[in-house]
Amino acid sequence: MATDSTHTESQLPRPTRVEICTIIAMYIVLAGLTLLARERGPGWTLGWIYVGLFVGGMGIFKNSFFLWNPDLAWRRMPIGSGTKTWDWFWLAAFVANIFAILFRAVDSHTRVADLRPPDFPWLAGLTIFVSGWMFVTWSSFWNPFFEATVRIQTELGHRVMDKGPYSVVRHPGYVGFIVTFLSTPLLLPSSGIVALSLSAALLFVIRAALEDRTLQAELPGYAQYTTRVRFRLIPGVW
């Protein structure tokens, strides 16, 4: 869905030096993960494959904004003014969780050669993982306010989205992320991954609850929307 924003390209926010350095730092960390994986010995590991899948999914998700909503793509780079204080803490916890999963992934010693042909759980995990990223990307298509942090985008005419997946649950993007992380132990049967994956999924459940409370209190029309779409993440459950 294209946004009806009136911002011109020259008015779009550009990333600051700090944000550029942060992006560069992330690539350095990923490069470090690659080197660490290579030091573990020759051959591809399930961890190495998982890192590639995760980075690929994240890249497609982020770059898809430039196809249907370039304005939003630029807005997702800076941390918007009015971001809730609790969301800063959430973001720090989530980033730490992600890096813990990735470092644990490249520490895996399970060789691809040991799993040829891939067994059913791994293939099921791959299907669920890809489906989760697709659902996140699809949800972002329907929401021109799909920024990286939780805030009321008053300056952009923030309004309730109730089309597409938002007509079924109130936070469909989080559903996709949760599904992606819950599939991780199937893709990476390594000790510690189950706990880290569950903690990442739980973080999104917590964020959905906090964001929903914020929107009900501060976004006009959202309280009425909750009477039409009753469930946050799982129809008939919550």
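Points worth noting:
- Potential extension, THR227-SER167 segment - 0.36 nm per residue separation minus Cα distance: 20.5 nm
- One decimal place: the segment VAL205-TRP88 gains 40.5 nm when fully extended, by the rule 0.36 nm per residue minus the C-alpha distance.
- For GLU218, GLU211, GLU147, GLU155, order by how many other beta-carbon atoms lie within 10 Å, fewest first: GLU155, GLU218, GLU147, GLU211
- Stretching PHE103 away from SER81 to a fully extended chain increases their span by 4.7 nm, per 0.36 nm per residue minus the current alpha-carbon distance.
- Each Lys or Arg adds one and each Asp or Glu takes one away; over the other residues whose Cβ falls under 11 Å from the Cβ of THR83, this sums to 0.
Read the figures in this text as sums done on the coordinates, not as results from a lab. This one's a predicted model, so the numbers in the text were calculated from it and none came from an experiment. Glycine gets a Cβ as well: all are built from the backbone with ideal geometry, and neighbour counts include every protein chain shown.
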